[in-house]
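Undergrad: Right, I'll just put the structure down here and ask away after.
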Amino acid sequence: MTPYADFPYFGLLLYLVVPTVALGLFGRASARWALIASAAAIFIHLGKTLEIRPGFGVQEAWIALAFVAFEGALAAALLKWKTRGTFRVVLTLSVLPLFVAKFLPAISPQTALGFLGISYVTFRALDVVFSIHDGVIKSLSAPQYFAYLLFFPTISAGPIDRYRRFGLDWNRKRDRAEFLADFDTAVQRVFRGFFYKFIVAALIRTYWMDRFEHGDTALRMASYMYAYTFYLFFDFAGYSAFAIGLSYLFGVHTPENFNLPFISRNIRDFWNRWHMSLSFWFRDHIYMRFLLAAGKGKWFKGRHTSSYLGLFLTFGIMGLWHMSGDLEPRYLIYGLYHAALLCAYDWFARWNKQRKMWGDGAGWRAANILITFHVVAFGLLIFSGRLSAHAAH
C-alpha cells in the first residue's frame, strides 16, 4: 500500500496512532513502542509481492529486512576495519542494491529486485557509512540502526534524516507535556498535508494540469509547466507534512523539506529551500567531499573549476538517481540543467559584485524571484517528461 496516497491507508494508520496517543498521554510512548510500530508498519507499506523472476515472488518487506541486514553488516565491518580500502569497498557495496533495483529491469524486463523507498533508505545507510569514515559515529545500536533505516513515516520518500540527529530524538524520553507538544505539531502537519495533497494538489491536477497534458502550442505547454510546478510542490509538500507530522507523534523531529521555495531570489537560494533534506545530503556527502578531495590533490589550476565540476557531478548523480528501469534521459538533463544554472549564477554574482549592474532594491528583488521561478518551472517541465513527449511526436 502506497503511504499517504489514499484514505484507506490513513484508516490502517489508526491502529498505530491510537495506541501511540494513549501511551503518550501517560508518558509511556517510548522508543521501544516506536520500534514495534515501525516493524508492524513495514508489512503494511511493503506488503506487495515482487516477482524477482518469473514464477518466483517475495514480499517487499522481506527484501527490505534483508537489505537492512546487509547494510548493517557493511557498517559493522567499516567500524571494525577503518581503512581507506575498506571504506571504498563498503561504499561500493552499499550502493549496489540501489543500482540493481533501478537498472536491473532495463537489462532483464521480467526481473525486479527492490522495495518501495529503497532510494531514501540507501541515502540513510550511506549517511552512516560516511559518518563512520569521518569518525563521527564510533558505535552502532542494532535497534536504533533498524529504526533509522526503516522508520515508517519517512520510508518511501523522505525527508532524509541523519543518523546522529535521529539518535538524539530516538534516545530521548518524553514526559506527558513533551508528548502533547509533539502531538500538537503532528495534528497541525497532518491537517496541512490533507489540505496540500488532497485539496490543492488534487484541484490543480483535475482542473488545470490534466487539461493541458496534450497539445503542441506554446500556450498549452506554458500552462502545463505552471500547473505541473504547483502540483508537484503541493503534492510533495503534502506528503512531507504527513511524514513530519507522524514522525513527531513517535518522538522524532524529522527535518523540514520545504521552506517557501517560490520566493527564492536565485537558484542557489532555491536549493536551500526545495527538497532540503535531499539537497543538503548531496551537498554534504558528494559536493563538499569532491571539493575537499580536489583541493587536497590539487587536481585543477582554475580557482572555480573544482566548484563547477563538483556541481555537475553532484547534480548529474542526482539526475541519475531519479532514473529507473526506463532509463529516460530527461532526469539526467534536469540535473545537468540545474548544475549549469548554479554555475551561471555564481559567475554572474561575481561579475555583478564588481560592476554593480544588478541592484538590490524591492523591484530588483521581485525581478529575481520572478526569474528564478521561471527557470525552476522550466526545469520541472523537463523533469515532467512533457517536453520529451512533445519531441517524440
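Undergrad: I need a count of the residues in segment 350-372 that are within 23 Å of the chain's Cα centre (by Cα) and open to solvent by 30 Å² or more (accessible area, probe 1.4 Å).
TA: Residues flagged as within 23 Å of the chain's Cα centre (by Cα) and open to solvent by 30 Å² or more (accessible area, probe 1.4 Å) within segment 350-372 amount to 0.
Undergrad: Restrict the check to segment 271-279 and report whether at least one residue is modelled with pLDDT of 95 or more, part of a loop (DSSP other than H, G, I, E, B) and either open to solvent by less than 30 Å² (accessible area, probe 1.4 Å) or more than 21 Å from Ala344 (Cβ to Cβ) (or both).
TA: Scanning segment 271-279 turns up at least one residue that is modelled with pLDDT of 95 or more, part of a loop (DSSP other than H, G, I, E, B) and either open to solvent by less than 30 Å² (accessible area, probe 1.4 Å) or more than 21 Å from Ala344 (Cβ to Cβ) (or both).
Undergrad: Taking Thr185 as the residue in question, decide whether it is surrounded by fewer than 19 Cβ atoms within 10 Å (Cβ to Cβ), out of contact with any Leu (no Cβ under 6 Å at 6 or more places or on another chain) and either at pLDDT below 95 or more than 30 Å from Ile137 (Cβ to Cβ) (or both).
TA: Values: surrounded by fewer than 19 Cβ atoms within 10 Å (Cβ to Cβ): yes; out of contact with any Leu (no Cβ under 6 Å at 6 or more places or on another chain): yes; either at pLDDT below 95 or more than 30 Å from Ile137 (Cβ to Cβ) (or both): no.
When the stated conditions are applied, Thr185 does not pass them.
Undergrad: Kindly establish whether Leu309 is part of a helix (DSSP H, G or I), surrounded by 13 or more Cβ atoms within 10 Å (Cβ to Cβ), out of contact with any Leu (no Cβ under 6 Å at 6 or more places or on another chain) and not acidic (Asp, Glu). Walk me through how you get there before you give the answer.
TA: Numbers: part of a helix (DSSP H, G or I): yes; surrounded by 13 or more Cβ atoms within 10 Å (Cβ to Cβ): yes; out of contact with any Leu (no Cβ under 6 Å at 6 or more places or on another chain): yes; not acidic (Asp, Glu): yes.
Judged against the criteria, Leu309 is a match.
Undergrad: In segment 291-306, which residue that is open to solvent by 80 Å² or more (accessible area, probe 1.4 Å) and part of a loop (DSSP other than H, G, I, E, B) is modelled with the lowest pLDDT? Show your work before the answer.
TA: Narrowing segment 291-306 to residues open to solvent by 80 Å² or more (accessible area, probe 1.4 Å): 292, 296, 298-299, 301, 303.
Still in the running and part of a loop (DSSP other than H, G, I, E, B): 298-299, 301, 303.
On the way: Lys298: 89, Trp299: 92, Lys301: 86, Arg303: 79.
Checking each candidate, the answer is Arg303.
Undergrad: Of everything in segment 280-290, what is under 19 Å from the mean Cα position of the chain (by Cα), of a type in the set (Phe, Trp, Tyr) and open to solvent by less than 50 Å² (accessible area, probe 1.4 Å)? Give them in sequence order.
TA: Result: Trp281, Phe282, Tyr287.
Undergrad: For the structure I just gave you, tell me whether Gln144 is open to solvent by 30 Å² or more (accessible area, probe 1.4 Å) and of a type in the set (S, T, N, Q).
TA: no
Undergrad: Can you name the condition, by its number, that Glu256 falls short on among (1) touching a Phe, Trp or Tyr at 6+ places or on another chain (Cβ under 9 Å); (2) closer than 27 Å to Ala31 by Cα?
TA: Of the numbered conditions (1) touching a Phe, Trp or Tyr at 6+ places or on another chain (Cβ under 9 Å); (2) closer than 27 Å to Ala31 by Cα, the odd one out for Glu256 is (1).
Undergrad: Separate question: Restricting to segment 347-373, name every residue that is charged (D, E, K, R) and assigned to a helix (DSSP H, G or I). Talk me through it step by step, then tell me what you get.
TA: First pass over segment 347-373, keeping only residues charged (D, E, K, R): 350, 353, 355-356, 360, 365.
Of everything in segment 347-373, those that are charged (D, E, K, R) and assigned to a helix (DSSP H, G or I) turn out to be Arg350, Lys353, Arg355, Arg365.
Undergrad: Step by step: first the residues of segment 2-61, then only those that are assigned to a loop (DSSP other than H, G, I, E, B) and in contact with a Phe, Trp or Tyr (Cβ under 8 Å, 6 or more places away or on another chain), then the one that is surrounded by the most Cβ atoms within 10 Å (Cβ to Cβ). Which residue is that?
TA: Ala29
Undergrad: Then there is this: Here is a check on your reading of the model: is Arg273 of a type in the set (D, E, K, R), free of Cβ contacts under 8 Å to residues at least 24 places away in the same chain and farther than 30 Å from Gly359 by Cβ?
TA: Spelling it out, it is not the case that Arg273 is of a type in the set (D, E, K, R), free of Cβ contacts under 8 Å to residues at least 24 places away in the same chain and farther than 30 Å from Gly359 by Cβ.
Undergrad: Output the helices (runs of 4 or more DSSP H) that fall wholly within segment 153-270 and possess 3 or more residues being in contact (Cβ under 8 Å) with a residue 12 or more places away in the chain and within 23 Å of Phe373 (Cα to Cα), or say none.
TA: Of the helices (runs of 4 or more DSSP H) lying wholly inside segment 153-270, those with at least 3 residues that are in contact (Cβ under 8 Å) with a residue 12 or more places away in the chain and within 23 Å of Phe373 (Cα to Cα) span 218-249.
Undergrad: Let me ask something else. Of the numbered conditions (1) closer than 27 Å to Ala243 by Cα; (2) assigned to a helix (DSSP H, G or I); (3) free of Cβ contacts under 8 Å to residues at least 60 places away in the same chain; (4) out of contact with any Lys or Arg (no Cβ under 8 Å at 6 or more places or on another chain), Leu78 fails exactly one; give the number of that condition.
TA: (1)
Undergrad: So which residues in segment 179-235 are closer than 22 Å to Pro3 by Cβ, small (Gly, Ala, Ser) and in contact with a helix residue (DSSP H, G or I) (Cβ under 8 Å, 6 or more places away or on another chain)?
TA: If the condition is that a residue be closer than 22 Å to Pro3 by Cβ, small (Gly, Ala, Ser) and in contact with a helix residue (DSSP H, G or I) (Cβ under 8 Å, 6 or more places away or on another chain), then Ala186, Gly193, Ala201 are the ones that fit.
Undergrad: Right, another one. With Glu60, Glu51 as the choices, which residue is within 30 Å of Arg189 (Cα to Cα) and among the acidic types (Asp, Glu)?
TA: Result of the check over Glu60, Glu51: Glu60.
Undergrad: State which residue is least open to solvent (accessible area, probe 1.4 Å) when the search covers only segment 81-101 and only residues that are among the aliphatic types (A, V, I, L, M) and free of Cβ contacts under 8 Å to residues at least 24 places away in the same chain.
TA: Residue satisfying both the conditions and the ranking: Ala101.
Undergrad: Given the structure, is Leu104 surrounded by 19 or more Cβ atoms within 10 Å (Cβ to Cβ), among the aliphatic types (A, V, I, L, M) and either modelled with pLDDT under 95 or part of a helix (DSSP H, G or I) (or both)? Lay out the reasoning, then the answer.
TA: Values: surrounded by 19 or more Cβ atoms within 10 Å (Cβ to Cβ): no; among the aliphatic types (A, V, I, L, M): yes; either modelled with pLDDT under 95 or part of a helix (DSSP H, G or I) (or both): yes.
In short, no.
Undergrad: Looking only at segment 287-331, count how many residues are closer than 29 Å to Leu380 by Cβ and of a type in the set (Gly, Ala, Ser).
TA: Looking only at that region, the number is 7.
The values are calculated or read from the model by the stated rules, or taken from the named source; none is laboratory data. On a predicted model such as this, the values are computed, not experimentally measured, just so you know. Glycine also receives a Cβ, built like all others from the backbone with ideal geometry; neighbour counts cover every protein chain displayed. Only protein heavy atoms, including side chains, enter the accessible area calculation; ligands, DNA and RNA are left aside. Shrake-Rupley method; radii C 1.70, N 1.55, O 1.52, S 1.80 Å.
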